[in-house]
Amino acid sequence: MEEKTNIMERIAEANRPVTTGVDEKDIKDWVTIYIMGKGYRVPADLTILTAIEYAGYRLLRSVGCRQGHCGACATIYRRAGEYKLQADLACQTRVEDGMYLVQIPFSPAEKAIYDITKEPYDASVFIKYYPEVARCVSCNTCTKSCPQDLEVMDYVQSAIRGDFEAVADDSFDCIQCGMCAIRCPAEIVQYHVAQLGRRMYGRYGLTMPKHLKKRVEEIEKGKFKEAMDTITSKSREELEKMYAERQREPD
Amino acid sequence: MKKLVITSENIKFLKKINELADQDITLCEQCGTCSGSCPMVADMDITPSQIMRMVQLGDLDVLNSKAIWVCASCYSCTVRCPRNLDVSKVAEALRQVYLRKALDYVEIKKIPKYELVSLPQIAIVSACRKFTG
Amino acid sequence: MKIAYYPGCTLKTTAKNFETSAIAIARELGIEMVELPRWTCCGTVFSLTADDLIHHVAPIRNLIRVQEMIENGQIEDEKRVLTLCSMCFNTLKRSNLRVKENTEDLKKINDLMYREKDYRAEIEVIQLLELLKEIGFDKLKAKAKNPLKNLRVAPYYGCMILRPIEVGIDDPEDPTIQKDLLEALGAEVIDNPYKKVCCGSYQTVNNKEKVAELAYNILGHAQQEGAEAITTCCPLCAFNLDTRQKEVLKNHPDFQQMPVFYITQLIAVAFGLDNKTFGFNQNYVDPKPLLKKKGLIK
């Protein structure tokens, strides 16, 4: 219980932006984290991403939107005293004392080239471009390593039997961080498989929404041609001025 | 004929296959029933009973045989072995020794796409299990 | 009666006709096949090496789903799961036997799947033919409004419902379960020794010529004995015997193509069910001309 209260206090503390404008003397709680094996003392309320920067690293890769949307900052870590390997987004996860971590900026994987307009809407499309899906052993490691808490194994299995709707639904929130693919014992690239599934489902499984159809027709008829031509004919300087003076909601 | 001098390496290999297959392969008495029962034997370079004999001697050359890959795990040999040996498991153990080095016997990505799409899932999944490491 | 049903990947794609015909005949016999939620591919082949537990994870995960269905009261048959595909049957049943006999393996697999409830190894895996036999072939005979008169059929068993012995549903050397069933439905059953010879299985992926030769032997011997069609309950045997006839014909131009039925398709015909349940459009060699000639369909 005591530890929990402590965590709650740390979270309350975190309301203050610690990376800027706060004197380190005023920070009460500190933790030690190990970045690629080297220990650093960092304020307890940082995210992994800000803690890495606090420790002095400048991230050129493994960082993106900082909002949990882009999937660039995938981290693999182990908590102190645990054998389980965790995967999360560095910008969305708070540091913990004794955490060992490393950033995984990219998952090496070849993207298949295909034309969805020429593919039949059946299971063979997955076997054709990603035959390794057939190597899935249902170990569920992909699901366990998904920072988005997706049922990754379920959608891989749906792909094998050609259930496009299930692939699309179960993978909808995928941010393509690649953690599933890095840990898969069958060496499947789950997120590419899912993308193929969503594309096929989008084209053949869904009916086109009326408003989208209407807008596409308007574009094709040239309703916005004049406005587009005005913008595309402007110089860089003019565009920058327009951008700076644009109407926007207050921050 | 090749002369084989049995060394500790050969004994180690026999022990390993015995463990992987969970069989005591030395029990094989070379009756040849497995070879007579095998539907694929005509396509094999060595027969199932020869496989058993080579494993008994710990002859690592058995790993280079085509026969272990032509086996379709149909268990015809297994149900007929008078010594109750599971010959299918021995063939699997030998394939696994190869595949566990992260090697593929069949590279599924290199199978022409028109062939891949014509095959049922059941064929691709089992081929992945049996032929990829 | 509601029973848990494990389909398998191929029954959702190239063997959809096996599933539709099976569901239809089961319904006719008062059985509702309730598909497992979130089932995964069984792996199709049993993991044969002693230390390889990872390939048992998928079969056992599926049996946990059956356990959940029983706990949720979704099914009435509270100890069994029904399979159609021979390979799924073999894989699930053998994994199940392994963990029933080896509690240490069961514990390891349960520990690996810590997110799932523990499997208690109480489920039994059965194949459709076993269930039909249990119901009684005489009951099937009574339902056969459209008996398969004059149809000369050779049952083909393949490997996975016969071998190994602890898994097989019939005598591995001389199986008769399909013969008894087909005779009850009024067919003329053609026996031949090739009924249990392997079709080449997954070798069809990298050695289709050999598989075509095996198919030529299996089909050719049945024809020699006078068979007009073959029955099977394995989607891979069906592919190798049916679709590979294209390759057979290439190597043996005088070969006469012959239809390969899923046994459930012929039962559905004998029951006089709606022809939508047959799914003949998925058979490579069209069986309709033969059935029309025999007056079994319109």
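Computed from the coordinates by the stated procedures, all read-outs in this text should not be read as laboratory data. Everything numeric here is computed off the predicted structure, so don't read it as measured data. Because the Cβ atoms are built from the backbone with ideal geometry, glycine has one as well, and the counts that use them run over all protein chains shown.
Reported to the nearest whole Å, the Cα centre-to-centre distance from segment C:194-270 to segment B:93-133 is 23. Considering all different alpha carbon pairs of segment C:13-153, the Kirkwood hydrodynamic radius works out to 16.6 Å.
Building the convex hull from the alpha-carbon atoms of segment A:116-205 and averaging its projection over directions returns 4.8 nm².
Between the beta carbons of C:Asp274 and A:Lys214, assuming R0 = 60 Å, the FRET efficiency works out to 0.90 to the nearest 0.05. Applying the Karplus relation 6.51 cos²θ - 1.76 cosθ + 1.60 with θ = phi - 60° to segment A:111-120 yields 3J(HN,Hα) values of 8, 5, 9, 8, 10, 5, 6, 9, 9, x Hz, where x marks Gly and Pro. Compute the long axis of helix B:8-21 from its Cα atoms, compare it with the longest principal axis of the Cα atoms of chain B, and write down the angle in degrees, 0 to 90, nearest 10. For helix B:8-21, the angle is close to 60 degrees. Computed over every Cα-Cα pair of segment C:159-298 and binned at 5 Å starting from 0, the pair-distance distribution P(r) comes out as 2, 9, 19, 23, 21, 15, 8, 2, 0 percent. Straight-line cross-link partners of C:Lys100 among the aspartates and glutamates, defined as a Cα under 12 Å from its Cα and at least 8 positions apart when in the same chain: C:Glu122, C:Glu124. In terms of other Cβ atoms within 10 Å, A:Trp30, B:Trp69, C:Trp39 run from fewest to most in the order A:Trp30, B:Trp69, C:Trp39.
Extension gain, B:Lys66-B:Lys16: 0.36 nm per intervening residue step, less the Cα-Cα distance, totals 16.0 nm. For helix A:2-13, report the angle its Cα long axis makes with the longest principal axis of the Cα atoms of chain A; keep it between 0 and 90° and round to the nearest 10°. The answer is roughly 70 degrees.
log₁₀ I(q)/I(0) of segment C:125-164 at q = 0.23, 0.27, 0.29, 0.34 Å⁻¹, via Debye over equal Cα point scatterers, no solvent, to two decimals? Here log10 of I(q) over I(0) equals -0.98, -1.04, -1.05, -1.08.
For A:Met228 and A:Leu85, the FRET efficiency from 1/(1 + (r/R0)^6), where r spans their Cβ atoms and R0 equals 51 Å, is about 0.55. Take the Cα of A:Tyr204, step 7 Å toward its Cβ, do the same at A:Ile116, and the gap between the two points is 1.2 nm.
Calculation over all alpha carbon pairs of the protein assembly as shown in 20 angstrom steps from 0 returns a P(r) of 16, 42, 29, 12, 1 percent. Taken over segment A:162-208, the percentage of Cα pairs per 10 Å bin, counting from 0 up to the bin with the maximum distance, is 29, 49, 19, 3. Considering chain C as a Gaussian network with a 10 Å cut-off on Cα pairs, which listed residue, C:Asn192, C:Asn240, C:Asn207, attains the greatest mean-square fluctuation? Evaluated over chain C, the most mobile residue of the options is C:Asn207. Cβ crowding within 10 Å, taken as a proxy for footprinting-reagent exposure, orders A:Val156, C:Val153 from fewest neighbours to most as C:Val153, A:Val156. The average projected area of chain B, computed from the convex hull of its Cα atoms over all directions, is 9.0 nm².
Between A:Glu238 and B:Arg53, the modelled labels are 9.0 nm apart [label points 7 Å from Cα along Cα→Cβ]. Between A:Glu187 and A:Gln67, the simple label model (points 7 Å from Cα in the Cβ direction) yields a spacing of 3.8 nm. Normalised Debye scattering of chain C at q = 0.08, 0.11, 0.12, 0.17 Å⁻¹ gives log10 I(q)/I(0) of -0.34, -0.65, -0.77, -1.42, counting only Cα atoms as equal scatterers and leaving out solvent. Comparing mean-square fluctuations of C:Cys159, C:Cys237, C:Cys198 from a GNM of chain C with C-alpha springs under 10 Å, the top value falls on C:Cys198.
Remark: A:Lys221, C:Lys12 ranked as A:Lys221, C:Lys12, counting other beta-carbon atoms within 10 Å and listing the fewest first. Using θ = phi - 60° in the Karplus curve 6.51 cos²θ - 1.76 cosθ + 1.60, the 3J(HN,Hα) couplings for segment A:86-94 round to 9, 10, 8, 8, 4, 7, 10, 10, 7 Hz; x is entered for Gly and Pro.
Partners of C:Lys179 within straight-line reach, counting aspartates and glutamates whose Cα lies under 14 Å from its Cα and excluding those fewer than 8 residues away in the same chain: C:Glu130, C:Asp138, C:Asp170, C:Asp171, C:Glu188, C:Asp191. Here the extension length gained between A:Leu59 and A:Lys38 equals 5.9 nm, from 0.36 nm per residue of separation less the Cα-Cα distance.
Considering only B:Val106, B:Val90, B:Val41, the Gaussian network model of chain B with Cα springs below 10 Å gives its largest mean-square fluctuation to B:Val106. Dipole magnitude for segment C:1-102: computed about the Cα centre from +1 point charges on Lys and Arg Cβ and -1 point charges on Asp and Glu Cβ, it is near 180 debye. Under 5 Å between amide hydrogens, built in the peptide plane, is the criterion, and for C:Ala50 it picks out B:Ala21, B:Asp22 among residues at least 5 positions away or on other chains. With q set to 0.18 Å⁻¹, the log10 of I(q)/I(0) for chain A, from the Debye formula over equal scatterers at the Cα positions, is -1.23.
Taking the DSSP bridge list for the protein assembly as shown and keeping only pairs wholly inside it, about 40 percent are antiparallel. Restricting the chymotrypsin sites (Phe, Trp or Tyr not before Pro) of segment A:178-251 to loop positions (DSSP other than H, G, I, E, B) with no more than 13 neighbouring Cβ atoms within 10 Å leaves A:Phe224. Per-residue 3J(HN,Hα) values for segment A:122-130, derived from phi via the Karplus relation 6.51 cos²θ - 1.76 cosθ + 1.60 with θ = phi - 60°, read 8, 4, 4, 5, 5, 5, 5, 9, 10 Hz in sequence order (x marks Gly and Pro).
In plain terms, the chain from C:Asp51 to C:Lys107 could stretch by 18.7 nm, reckoned as 0.36 nm per residue minus the Cα-Cα distance. Only the Cβ atoms of Lys and Arg (+1) and of Asp and Glu (-1) were treated as charged; on that basis the dipole of segment C:58-204 about its Cα centre amounts to roughly 460 debye.
Can you return the lysines within cross-link range of A:Lys210? Criterion is Cα-Cα under 26 Å, with same-chain partners fewer than 8 residues away left out. The qualifying lysines are A:Lys118, A:Lys221, A:Lys223, A:Lys225.
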